[in-house]
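Trainee: Below is one structure. I have some questions about it.
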Amino acid sequence: MPEVTVIAVPAFADNYIWLISTGGTECAVVDPGDAQAVLEALDQHGLQLSSILITHHHPDHIGGMARLAEACGADVLGPHDPRIPGQSRSFSEGDQLGLPALGLEFQVIEVPGHTSSHIAFYGHGCLFCGDTLFSVGCGRLFEGTPEQMQNSLDKLAELPPETRVFCAHEYTLANCDFALQVEPENAELKRRASEVEASRAIGRSTVPSTLGEELAVNPFLRTRQPAVIAAARERKPGIEPGAQTLAVIRAWKDSF
Ligand SMILES: [Zn+2]
């Protein structure tokens, strides 16, 4: 199996664009919102771009797509959605996305909730989940229901705990502040929050985390845990674990 190297390309205020390589000169990019930032990173690392992977249609994820496809002759691979034009091939749940130039293959997981056509890519111990799952948080529900987001997060939660979670934003510090409101007694969360605070104080990235770490601290992956249900029921008595609990804490976070 090829050794996968993932390079973070920071963009805009808090986006991460991910470059995937396997030791050769070819690479793939995930969600290139900013073409210039990617072109500079390719130059800096001596990499050539062969594939562009897209998780969802938001401008900060696809803004650099057309220019990079043109400049590098790269394939554009994403979900079935006319809002993502110029795709070489579109992918659905369970499809395998092969990157022959890198010797890699990723499994496509449909994760609606943040947007209706959002997909994630899983393979080689790595999950590229766009704006669905963040470290200690999840994406806003712009086009989906709490039931859809719960179902999407349930699918991601089934991946191996050692999976590295490459989300698309550095939101972890603010997410920890909110998560501590939901679960003030969660010792693992308190530990993660101080670690994140220390990292951000020196400008260090808090991404990727592992799925196992997220399962222990991320309230949106813990909507069937008694402490999270109890916190949600204080705001809306009688709600059920799962999607109803997720709905309450997502709305709470939206106004936090
Ligand atoms: Zn988005």
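Trainee: Show the residue pairs that are 6+ apart or on different chains and have beta-carbon atoms under 8 Å apart, the first residue being within the range 233-256 and on the phi > 0 side of the Ramachandran plot, the second being modelled with pLDDT of 95 or more.
Mentor: Gly242/Gln150; Gly242/Thr223; Gly242/Arg224
Trainee: Using the structure shown, decide if Ala41 is small (Gly, Ala, Ser), surrounded by 18 or more Cβ atoms within 10 Å (Cβ to Cβ) and under 20 Å from Arg204 (Cβ atoms).
Mentor: Working: small (Gly, Ala, Ser): yes; surrounded by 18 or more Cβ atoms within 10 Å (Cβ to Cβ): yes; under 20 Å from Arg204 (Cβ atoms): yes.
Answer is yes for this residue.
Trainee: Cβ contacts < 6 Å: first residue more than 9 Å from Asp34 (Cα to Cα), restricted to the range 49-73; second residue charged (D, E, K, R) and more than 16 Å from the ligand (Cβ to nearest atom), any location; separation 6+ or different chain. Result?
Mentor: Short answer, once both residue conditions are applied: Ser50/Glu26; Ser51/Asp75.
Trainee: Also, quick follow-up: Looking only at the range 137-173, count how many residues are in a strand (DSSP E or B) and in contact with a Cys (Cβ under 8 Å, 6 or more places away or on another chain).
Mentor: Total satisfying the criteria: 4.
Trainee: For the range 137-147, give me each residue that is in contact with a helix residue (DSSP H, G or I) (Cβ under 7 Å, 6 or more places away or on another chain) and within 16 Å of the ligand (Cβ to nearest atom).
Mentor: Matches in the range 137-147: Gly137, Cys138, Arg140, Leu141.
Trainee: Which of the residues belonging to the range 1-33 are outside any strand (DSSP E or B), aliphatic (A, V, I, L, M) and buried (at least 17 other Cβ atoms within 10 Å of the Cβ)?
Mentor: The answer is Val4, and nothing else.
Trainee: Working only within the range 44-84, note down all residues that are among the hydrophobic types (A, V, I, L, M, F, W, C) and part of a loop (DSSP other than H, G, I, E, B). Quick ask: steps written out before the conclusion?
Mentor: Kept after step one, since they are among the hydrophobic types (A, V, I, L, M, F, W, C), are these residues of the range 44-84: 47, 49, 52-54, 62, 65-66, 68-69, 71-72, 74, 76-77, 84.
If the condition is that a residue be among the hydrophobic types (A, V, I, L, M, F, W, C) and part of a loop (DSSP other than H, G, I, E, B), then Leu47, Ile54, Ala74, Ile84 are the ones that fit.
Trainee: Suppose we keep only residues that are touching a strand residue (DSSP E or B) at 6+ places or on another chain (Cβ under 7 Å) and in a helix (DSSP H, G or I) within the range 181-227. Which one would you say is nearest to Gly123 (Cα to Cα)?
Mentor: Leu211
Trainee: Also: Looking only at the range 173-188, decide whether some residue is within 20 Å of Ile62 (Cα to Cα) and more than 12 Å from the ligand (Cβ to nearest atom). Before you say what the answer is, go through the steps one by one.
Mentor: In the first step, residues of the range 173-188 are kept if they are within 20 Å of Ile62 (Cα to Cα); the result is none.
The answer is no; no qualifying residue exists.
Trainee: Got a number for residues in the range 101-136 being in a strand (DSSP E or B) and within 13 Å of the ligand (Cβ to nearest atom)?
Mentor: Qualifying residue count for the region: 6.
For every residue, the table says whether it meets (1) under 30 Å from Gly24 (Cβ atoms); (2) open to solvent by 10 Å² or more (accessible area, probe 1.4 Å).
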site	(1), (2)
Ile84	yes, no
Ala101	yes, yes
Ser116	no, yes
Ala120	yes, no
Ser152	no, no
Gln181	no, yes
Arg192	no, yes
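Trainee: Do we have any residue at all in the range 80-92 that's in contact with a Pro (Cβ under 8 Å, 6 or more places away or on another chain) and either among the β-branched types (Val, Ile, Thr) or within 16 Å of the ligand (Cβ to nearest atom) (or both)?
Mentor: no
The values are calculated or read from the model by the stated rules, or taken from the named source; none is laboratory data. Here the structure is a predicted model, which is why all the values come from computation and not from measurement. Neighbour counts are summed over all protein chains in view; Cβ atoms, including those assigned to glycine, are modelled from backbone coordinates with ideal geometry. We work out accessible area using only protein heavy atoms, side chains counted, and drop any ligands, DNA or RNA first. Shrake-Rupley method; radii C 1.70, N 1.55, O 1.52, S 1.80 Å.
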